[in-house]
Amino acid sequence: MTGVSAREPAPGRTDASRWLLRRRVLPDPALRLVCFPHAGGAATFFHGWQDRVPHGTEVSAICYPGRQNRIAEPPLTSMAELADQAHAALRGLLDRPLALFGHSMGAVVAYEVAVRLAERDGVTPAALLVSGHGAPYLCAATAPPDTAADDREIAALAAAADPALRHSPELLDLVMPVLRADHALLRAYRPARTPRLAAPVVAYRGADDARATEDDMRSWQAMTRSAFRYRTLPGDHFYLTAQEAGLVADVVDACDGGMAEAQEAQESADRDVPLFVRRSPSCPFDPAEEFARLREERPVVRTTLPTGARAWLVTRYADARRVIADQRRFSSRAAVNGPVPPPEPPEGFPPPRPGVFYTYEPEEHARIRRMLTPEFSAQRARALEPRAETLADRHLDAIERAGPPADLIADFALPVPRLLFLELLGVPVEDSGRLHHDLALLHDFHPVHEAQAGAFRRLDVYLRALVEAARATPGDNVLGHLVTAHGTDLSDDELAGMACQLLLAGYATISGTLGLSLLALIRDPGQAALVRDGRARPAGVAEELIRHLSVVAFGKVFQATQDVTIAGQDIAAGEYVLCSLPSANRDQELADGLDRLDVTREPPHHLALGHGAHHCLGAELARMELRVCIPRVLRRLPGLRLRVPLGELRFTPLNAAYGVESLPVDW
């Protein structure tokens, strides 16, 4: 299920069928390739593909936002209206497989049309191919600007992208009304959700295109649950003219099943969820039913990691608490190369990454934590509470203005924790999009170590530059405070590593808990009423939801440093050990009735936020944000209800922060 409302195009609009250009209509095409160019006149370029594609492929173009055909037309009011019209123009083409190719803003239009095809027509495109600087995830990264852009900003961006405009003021004046309308659409556009399409996605970038980075293009990977491919081609923003033949071949390859093997592997991985992250098929908030039996009969059991490594899984509360607290017998060094390690290499693990202190030996680990503790104390969380309230209210205001439907993940549960955390750390908000892809890779439990190593390298480069800026001008944020208080004791590499670990452990877990909390309360009106009416203490509500949901499945992969016995099971030195936190937090030895959500409960001392030296640094921040956000949503959006059946929601068990990908609601 994807994410736009099923609204029909607005009455009285221009006949969108005029936007569809078909140079050659084939009687029985095997594939229809529909192109969504951006710049005016570029639609005609795509018709050249008709002479290059294999027999049986029909090429068409949706000529929005070509300037020539729109100057005399009434302006469109929103991206949703534009996509509705473009979707309507394709209704006569759904009898054959479709592939969509979008460039620049046309990529966003093509994506939104793909969403509508899936939701309204049950049609999954054979492939979605995108290029240029438009990407839905980047548009969702921050709230819409409070002020409109002026013509100087619009003209500068247009001239940078189009040499014809740069050298012809008259042409720029002529097209300015259309440019202004397009700019307003993109600035205001936010994807209704962050769905994962079933179609494979291929993302292209011109190597010399200053407007689109590799991270921009890789952000498209978050939009599909199918295969993803990224390609860099010679050229700038207009690389298409030089790469036409190669692109056509790639399009046909993608649409003709060239990505089928990767898609099948991904779907197979999604089906085979390993025990250590498994949730109940009947209730997404609960650990799998077998954990109750394991706690009784076999509290330490073998499990297999996605990398093929074997590990021991600890399921009882007391045993898990012991493992997490014992730094001498259980080391976390195994996580140096990614969240889920492979079998230990014969030469041993590399040394800990500078600053990534959860892989440090106990003394050094404690030293770094002492430096960071004041930045994440209860006092610091209280000081941040007014800012959290402002961010929550701003996003709820936007949701109310837009009216139902909304996606509580894309519109609230993701941006509010992310914006607050980036401000706290000292990361410019405008960089959130470029960081997303790499952080997502490093949260992924699939065996993608080469890609994760690349993500670490890119983060290192970015964060080193951020550290250098903080040393030059320390700000009122975590990096600035560390530089001021400990700058002589910490190298740039250590500061960058600390920032990397904080980003990895930061807003994703809060966002996952917030999204699942809202879903759990929507599904339990009685508990929601207790929160909404203030009959449940906000601090207790937050703690109970953190325990009940336990979005971090195991926290860390530990490695036994010596032979040890847990619950009668012998574990040899060097073997991996995981603690199932969702299982431990339902253990009846901890308290009775823990399978049930009770927001009035006096919370027990659960392990969802770790324990001892591995207690979550951001625990107080997480508690504060849940206290602020959850009652606000329930009070501001009375009658909150799901727009789709629970079974249509998509969850993320193979991720460091379990959550729901989108939460479509009405009220």
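The values are calculated or read from the model by the stated rules, or taken from the named source; none is laboratory data. All values reported here derive from a predicted model rather than from experimental measurement. Backbone-built Cβ (ideal geometry, glycine too); neighbour counts: all protein chains shown. Protein only, heavy atoms only, side chains kept; ligands, DNA and RNA dropped before computing areas. Shrake-Rupley method; radii C 1.70, N 1.55, O 1.52, S 1.80 Å.
Using a Förster distance of 51 angstrom, determine the FRET efficiency expected from the C-beta separation of D326 and R187, and round it to 0.05.
Computed FRET efficiency for D326 and R187: 0.45.
Using 7 Å Cα-to-Cβ label points, what is the D236/E153 separation (nm, one decimal)?
Rounded to a tenth, the inter-label distance reads 2.3 nm.
What is the gain in length, in nm to one decimal, between D493 and E290 on full extension, counting 0.36 nm per residue of separation less the C-alpha to C-alpha distance?
So the chain would gain 68.7 nm between D493 and E290.
One-quarter of the Cα convex hull surface for the stretch 533-585, in nm²?
Mean projected area of the Cα convex hull: 4.9 nm².
Amide H neighbours of D286 under 5 Å, counting only residues 5+ apart in sequence or on other chains, H built in-plane at 1.01 Å?
Counting only residues 5 or more places away or on other chains, the set is S280.
Leaving out ligands and nucleic acids, and using a 1.4 Å probe, what accessible area per residue does the stretch 534-667 come to in Å²?
36
If you take the square roots of the eigenvalues of the alpha-carbon gyration tensor of the stretch 369-473 and sort them as a ≥ b ≥ c, do you get rounded (a/c under 1.5), prolate (a/b over b/c) or oblate?
It comes out oblate by the Cα gyration axes.
Below 8 Å between Cα atoms, with a sequence gap of 6+, how large is the relative contact order for the stretch 419-543 in percent?
About 23 percent, as a whole number.
Determine the order of V201, V429 by accessible area, beginning with the largest, at a probe radius of 1.4 Å.
V429, V201
Using a 1.4 Å probe over the heavy atoms of the protein chains, calculate the carbon and sulfur portion of the accessible area of the stretch 583-667 as a whole percent.
Roughly 47 percent, rounded to a whole number.
Using Cα-Cα distances under 8 Å and only pairs 6 or more residues apart, what relative contact order does the stretch 583-667 have, in percent?
Once divided by the residue count of the stretch 583-667, the mean separation gives 19 percent.
For the stretch 224-232, in order, what is each residue's ³J(HN,Hα) by Karplus, 6.51 cos²θ - 1.76 cosθ + 1.60 with θ = phi - 60°, in whole Hz (x at glycine and Pro)?
For the stretch 224-232, the Karplus-derived couplings read 9, 9, 9, 6, 9, 9, 10, 9, 9 Hz, x marking Gly and Pro.
Give me the compactness ratio for the stretch 536-659, meaning the Cα radius of gyration over 2.2 N^0.38 Å.
1.26
Could you list which residues have their amide H under 5 Å from that of A127, counting only those 5 or more apart in sequence or on another chain, with H placed in the peptide plane?
L100
What ranking of D407, D121, D595 comes out by heavy-atom accessible area, probe 1.4 Å, highest first?
Reading off the accessible areas and sorting them downward yields D595, D121, D407.
Leaving ligands, DNA and RNA out of it, report the carbon-plus-sulfur percent of the accessible area of the stretch 415-540 at a 1.4 Å probe.
That share works out to 53 percent.
Classify the stretch 605-667 as rounded, prolate or oblate, taking a ≥ b ≥ c as the square roots of the eigenvalues of its Cα gyration tensor: rounded when a/c is under 1.5, otherwise prolate if a/b is larger than b/c and oblate if not.
oblate
Under a plain spin-label model, where a point goes 7 Å from the Cα along Cα-to-Cβ, how far apart in nm are A529 and R641?
1.6
Which of the peptides 301-311, 637-647, 511-521 is most tightly packed, and how do the rest follow, going by the mean number of other Cβ atoms within 10 Å of each residue?
With the highest mean Cβ count within 10 Å placed first, the list reads 511-521, 301-311, 637-647.
So if I average 1/r over every pair of distinct C-alpha atoms in the stretch 475-531 and take the inverse, what Kirkwood radius in Å does that give?
14.1
If I model a spin label as a point 7 Å beyond the Cα along the Cα-Cβ vector, how far apart are those points for E170 and R91 in nm?
4.2
Mind listing the long-range amide H neighbours of L313? Cut-off is under 5 Å, sequence gap 5 or more, other chains count too, H placed in the peptide plane at 1.01 Å from N.
Residues meeting the amide H criterion: V301, R302, T303, L578.
Regarding the stretch 360-412, what is the average projected area of its C-alpha convex hull, in nm²?
Its average projected convex-hull area is 5.4 nm².
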